[in-house]
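K.L.:
One structure coming up, written as structure tokens, with questions to follow.
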Amino acid sequence: MIIDFRILSSQHWYRIPVERAQKWLKRAWPPQWIAFYQTQVFGTEEFSIRYYAEIADICQVYRHELFPHEPQNKKSDSRYYKIMICLLQQLPKPILSRRRRRIIFIPTTWQKFVNAAEINDLYDDSPLEDRLWAELKRLEISVQRQEFIRINKTDYALDFAVYCKSGNLDIETDGDMWHSTILAE
């Protein structure tokens, strides 16, 4: 992660495996802007988005082209999107995550990005989810959007997760039909 951020800062490019982009970003590809979520390895800047950039160009390359000095390995012939950026910019106020988590990608809108106070504000999945999120925030109910969990070796994407002392709650707004349609696209 830190190496990727150093490359981003000094060489002005970022990489995304093609297979991940096709899985997670197909509805929002190609992006015009990119923002960077910082994990625990960033210390005092952990679990937040502080930097973003406009995208200048995107091309597909092999990993060995990105890292020509890296010894040949099983990833060397993997395909990546090389995302060239314009000026890396810092947000005036970071977008924080209320809960420690790994985030792969969050397709969002520019409006949601510039108005977000926390990670949960970024999600742009359905109008119904947005309405429920606004109401949960108004009622000050602590909830996580788009939480990924694993139960018995099966992964699940929850629209909303409420973590309580006496048990946890999953709130689904759009049902199987919405998720099946999105995953099939």
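The values are calculated or read from the model by the stated rules, or taken from the named source; none is laboratory data. Fair warning: this is a prediction, and the values are worked out from it, not measured in the lab. In this analysis, Cβ positions are derived from the backbone assuming ideal geometry, glycine residues included, and neighbour counts consider all displayed protein chains.
K.L.:
When Asp121 is evaluated against the numbered criteria (1) among the acidic types (Asp, Glu); (2) surrounded by fewer than 14 Cβ atoms within 10 Å (Cβ to Cβ); (3) modelled with pLDDT of 90 or more, which criterion, by number, is the only one it fails?
P.N.:
(2)
K.L.:
Moving to a separate point now. Any idea which of Gln40, Gln60, Gln22, Gln32 is in the same structural domain as Gln111 (by TED's automatic domain parsing), under 22 Å from Tyr123 (Cβ atoms) and in contact with a strand residue (DSSP E or B) (Cβ under 8 Å, 6 or more places away or on another chain)?
P.N.:
Being in the same structural domain as Gln111 (by TED's automatic domain parsing), under 22 Å from Tyr123 (Cβ atoms) and in contact with a strand residue (DSSP E or B) (Cβ under 8 Å, 6 or more places away or on another chain) holds for just one of Gln40, Gln60, Gln22, Gln32, which is Gln32.
K.L.:
Out of the residues in the range 30-84 that are without any contact (Cβ under 8 Å) to a residue 60 or more places away in the chain and of a type in the set (Lys, Arg), which is farthest from Ile119 (Cα to Cα)?
P.N.:
The qualifying residue farthest from Ile119 (Cα to Cα) is Lys74.
K.L.:
Within the range 80-101, is even one residue at pLDDT 90 or above, outside the structural domain of Tyr163 (by TED's automatic domain parsing) and in a helix (DSSP H, G or I)? Full working, then the answer.
P.N.:
First, pick out the residues of the range 80-101 that are at pLDDT 90 or above: 80-96.
In the following step, the residues that additionally are outside the structural domain of Tyr163 (by TED's automatic domain parsing) were identified as 80-96.
Those left that are additionally in a helix (DSSP H, G or I): none.
Checked against the condition, which is being at pLDDT 90 or above, outside the structural domain of Tyr163 (by TED's automatic domain parsing) and in a helix (DSSP H, G or I), the range 80-101 yields no hits at all.
K.L.:
While we're on this one: Considering each of Ile151, Ile141, Ile104 in turn, give the residue that is within 16 Å of the chain's Cα centre (by Cα), surrounded by fewer than 12 Cβ atoms within 10 Å (Cβ to Cβ) and modelled with pLDDT under 90.
P.N.:
Ile104
K.L.:
Another question, if that's okay. Given (1) surrounded by fewer than 16 Cβ atoms within 10 Å (Cβ to Cβ); (2) in contact with a His (Cβ under 6 Å, 6 or more places away or on another chain), identify the lone condition not met by Ile85.
P.N.:
(1)
K.L.:
With the condition kept exactly as written, say whether any residue in the range 10-18 is free of Cβ contacts under 8 Å to residues at least 24 places away in the same chain and over 23 Å from Asp121 (Cβ atoms).
P.N.:
The answer is yes; a qualifying residue exists.
K.L.:
Taking the stated definitions as given, is Lys112 outside any helix (DSSP H, G or I) and either under 21 Å from Gln38 (Cα atoms) or β-branched (Val, Ile, Thr) (or both)? Talk me through it step by step, then tell me what you get.
P.N.:
Details: outside any helix (DSSP H, G or I): no; either under 21 Å from Gln38 (Cα atoms) or β-branched (Val, Ile, Thr) (or both): yes.
For Lys112, the condition - outside any helix (DSSP H, G or I) and either under 21 Å from Gln38 (Cα atoms) or β-branched (Val, Ile, Thr) (or both) - is not met.
K.L.:
If the Cβ limit is 6 Å and pairs must be 6+ apart or interchain, which residue in the range 133-158 that is within 16 Å of Arg99 (Cα to Cα) pairs with which residue that is crowded, with 18+ Cβ neighbours inside 10 Å and of a type in the set (S, T, N, Q)?
P.N.:
Close Cβ pairs (under 6 Å, with a partner that is crowded, with 18+ Cβ neighbours inside 10 Å and of a type in the set (S, T, N, Q)) amount to Arg145/Asn120.
K.L.:
Return the pair list, or none, for Cβ contacts closer than 7 Å from residues in the range 85-104 that are over 15 Å from Ser9 (Cα atoms) to residues that are among the small types (Gly, Ala, Ser) and not in a loop (DSSP other than H, G, I, E, B), at least 6 apart or on different chains.
P.N.:
Hits for this filter: Pro94/Ser48; Ile95/Ser48; Leu96/Ser48; Ser97/Ser48.
K.L.:
Scan (1) of a type outside the set (D, E, K, R); (2) in contact with an Asp or Glu (Cβ under 7 Å, 6 or more places away or on another chain); (3) over 27 Å from Gln38 (Cα atoms); (4) at pLDDT below 85 for the single condition Leu128 breaks and write down its number.
P.N.:
Only one criterion is unmet by Leu128, namely (4).
K.L.:
Just need a number here: residues in the range 19-59 that are modelled with pLDDT under 85, assigned to a loop (DSSP other than H, G, I, E, B) and in contact with a Lys or Arg (Cβ under 9 Å, 6 or more places away or on another chain).
P.N.:
Matching residues across the range 19-59 total 1.
K.L.:
Checking the conditions here, which among Ile7, Ile3 is without any contact (Cβ under 8 Å) to a residue 12 or more places away in the chain, in contact with a Lys or Arg (Cβ under 9 Å, 6 or more places away or on another chain) and in the same structural domain as Leu88 (by TED's automatic domain parsing)?
P.N.:
After applying the criteria, what remains is Ile7.
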